[in-house]
Amino acid sequence: MAERTTGRILRSLSGFYEVQTAMGNVTCRGRGSLRREVSPLTGDMVEITVEHGKGMVERIFPRRNCFVRPAIANVDALVIFAANVNPVTDPYLIDRVAAIAADQQVNVYICVNKCDLDTGDDLAGIYRRAGFPVIQTSAETGLGVEELRQLIRGKLTAFTGNSGVGKSSILNRLCPGLSLATGEVSEKLGRGRHTTRHVELYALGEDTFVADTPGFSSFDTDQMEVILKENLQYAFPDFAPYLGNCQFHDCSHRKEPACALRRAVETGAVEPSRYQSYLRLYEKASQFKAWEVK
């Protein structure tokens, strides 16, 4: 007789789902009717049936949030990894992921890694001035690893960022027993190999879960969520003090006169790179109608 229980999906791979339950981890398939409605994601809380050691995902409980890239649900925080060396992270990549997270009310932490090779002070400074919690780390020396551990304690956190910035290396530092594969960065191309192929949750104790996710490049941002252009300004929390203070109530903060946000950029109160990312994202969002944006 089948037994029903609930749990959290720790890993999704090729139509199989590893679910953590009170009776232990169970490998499940998703019921066909369920998959036609919504595909289960790593991080989902689900109800399953178990018979003869095999499981079936019967129901997905309502999600607090979910992301396309990384493909994960019910996240408490995103840690966006970046580096100022081998490979150098384009701030636009950080800003796009941070905006998507803010649009879903998910906390964002910035981790500037490889600080043994380059301190990344300029990159870290951009995001500290924008109001983000920033940690400077090194997987080689252990710099900042314990600070990061404290920041993610008790949360379900996804590590994300461009390929080669050292997400898996830092996770190995946080939990050495994992021995996750790490890849070399191509000197010719300036980017890393995608050593992480799927999204998987790792338990770090004290109700702490970390998802190591596949790295992405600037080309992959086309696969990410699009925010409605009318909502985009609110996805940049450092813009908040200036919104509503423009001459026009529907100001897009691009070309309109007497724009409080543009004035803040000119005076240095808002980071220019953040504003440039906003303009790029606004242009992309303008290509979509409201009904096309999920």
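Every number in this text was worked out from the coordinates using simple rules, so none of it is lab data. Because the structure is a prediction, the values reported are computed rather than measured. With ideal geometry, Cβ positions are generated from the backbone for all residues, glycine too; neighbour counts draw on all protein chains shown.
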### Message
Spelling out what I want: for every residue of region 123-135, take phi, set θ = phi - 60°, compute 6.51 cos²θ - 1.76 cosθ + 1.60 (Karplus), and round to whole Hz; glycine and proline get x.
### Response
5, 4, x, 4, 7, 5, 5, 7, x, 8, x, 10, 10
### Query
In terms of modelled amide H atoms, which long-range or inter-chain residues lie less than 5 Å from the amide H of Y109?
L78, V79, I80
## Note on the structure
The answer for T208, listing residues at least 5 apart or on another chain whose modeled amide H is closer than 5 Å to its amide H, is G154
### Query
With labels modelled as points extended 7 Å from the Cα through the Cβ direction, what inter-label distance (nm, one decimal) is found for T27 paired with E147?
4.2
### Relative contact order (percent, whole number), region 1-81, Cα cutoff 8 Å, 6+ residue spacing
27
### Query
Taking Cα pairs under 8 Å and at least six residues apart, what relative contact order does the chain come out at, in percent?
15
### Inter-site label distance for L279 and C175 at 7 Å from Cα along Cβ, in nm
4.3
### Task
Equivalent ellipsoid semi-axes for the chain, as square roots of 5 times the alpha carbon gyration tensor eigenvalues: give them largest first, rounded to whole Å.
35, 25, 16
### Query
Which ³J(HN,Hα) values, rounded to whole Hz and listed in residue order, are derived for region 8-21 from phi using the Karplus coefficients 6.51, -1.76 and 1.60 in 6.51 cos²θ - 1.76 cosθ + 1.60 with θ = phi - 60°, glycine and proline given as x?
10, 6, 8, 7, 10, 7, 6, x, 10, 10, 8, 10, 7, 10
### Query
What FRET efficiency comes out for the pair H249/K54, r = Cβ-Cβ distance, R0 = 41 Å, nearest 0.05?
0.10
#### Entry: Distance from region 110-134 to region 150-167 (C-alpha centre basis), Å
14
### Task
Specify whether the C-alpha gyration tensor of region 120-178 places it in the rounded, prolate or oblate class, a ≥ b ≥ c being the square roots of the eigenvalues: rounded for a/c under 1.5, otherwise prolate if a/b is larger than b/c and oblate if not.
prolate
### Query
If each of F61 and Q287 carries a label point 7 Å out from its Cα toward its Cβ, how far apart are those two points in nm?
3.9
### Summary
the chain: longest segment with zero exposed GluC sites (Glu not before Pro), where exposed means DSSP loop plus at most 13 other C-beta atoms within 10 Å, is residues 1-183
### Task
Search the structure for amide H atoms under 5 Å from the amide H of A83, placed 1.01 Å from N in the peptide plane, and list their residues when 5 or more places away or on another chain.
T89, N113
### Task
Work out the FRET efficiency for A2 and V38 from their Cβ-Cβ distance, taking R0 = 30 Å, and round it to the nearest 0.05.
0.85
### Query
So if R0 is 35 Å, what FRET efficiency would N107 and L228 give, r being the distance between their Cβ atoms, rounded to the nearest 0.05?
0.95
### Task
Report the residues of region 151-177 in range of a label on Q20: point 7 Å along Cα→C-beta, backbone N strictly under 12 Å from it.
154-157
